[in-house]
């Protein structure tokens, strides 16, 4: 079983290498830039649970592989000044959804988000329980300091 720190370190190193190269996508026939946008969406979104963040971090290599091999995108949504493209693929037992964003006025496309889900409920539950154990171990070793309340 990997530790929380190992998973985060792996994710950071993989993502920083991916940032330098980007990904050439056959679906768009251009290079998709990878910057802090997707990393911040994974790790700094309050709605995402820690278990979900670990799943997304562990499976970043799968997202890169899908982005570089998918030949079409399935969804197209316009929201405010941005266009969001969705690429959905099934690899083995995992459904992968990748979201790429682009400003309406710009030409550059950026990786925005990645999502993963096991198709078998038992496998999904097993992954969730495993990640919960990793998080509990991390919290036991690194308790939050008590904060004094101000009056």
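Brief remarks on what is shown
- Residues in segment 54-89 reached by a label modelled at residue 17 [backbone nitrogen below 13 Å; 7 Å Cα→Cβ]: 60-62, 64-65
- For residue 82 and residue 117, the difference between the fully extended length at 0.36 nm per residue and the C-alpha to C-alpha distance is 10.0 nm.
- Choice from 113, 49, 23 showing the highest fluctuation, given a GNM over the chain with Cα pairs closer than 10 Å: 49
- Residue list for segment 74-91, given a label point 7 angstrom along the Cα-to-Cβ vector of residue 65 and an amide N cut-off under 15 Å: 89-91
- Counting every other Cβ atom within 10 Å of each residue's Cβ, 71, 132 order from fewest to most as 71, 132.
- The alpha carbons of segment 72-151 occupy a box of 48, 44, 18 Å along the principal axes, longest dimension given first.
- As a proxy for reagent exposure, ranking 81, 52 by other Cβ atoms within 10 Å from fewest up yields 81, 52.
- Antiparallel %, DSSP beta bridges [both residues in segment 4-140], to 5: 95 percent
- Considering all different alpha carbon pairs of the chain, the Kirkwood hydrodynamic radius works out to 16.8 Å.
- Using C-alpha pairs under 8 Å with a sequence gap of at least 6, the mean separation divided by the residue count of segment 4-140 gives a relative contact order of 24 percent.
- Cβ-based exposure ranking for 60, 54, 119, in which fewest neighbours within 10 Å come first: 119, 60, 54
- Between 0 and 90°, nearest 10: helix 4-21 axis offset from the chain longest Cα axis: 20 degrees
- Springs join every pair of Cα atoms under 10 Å in this Gaussian network model of the chain, and among 64, 97, 17 the largest mean-square fluctuation is at 17.
Read the figures in this text as sums done on the coordinates, not as results from a lab. The structure displayed is predicted, hence computed values, not measured ones. Note that we place each Cβ from the backbone using ideal geometry, even for glycine, and neighbour counts take in every protein chain shown.
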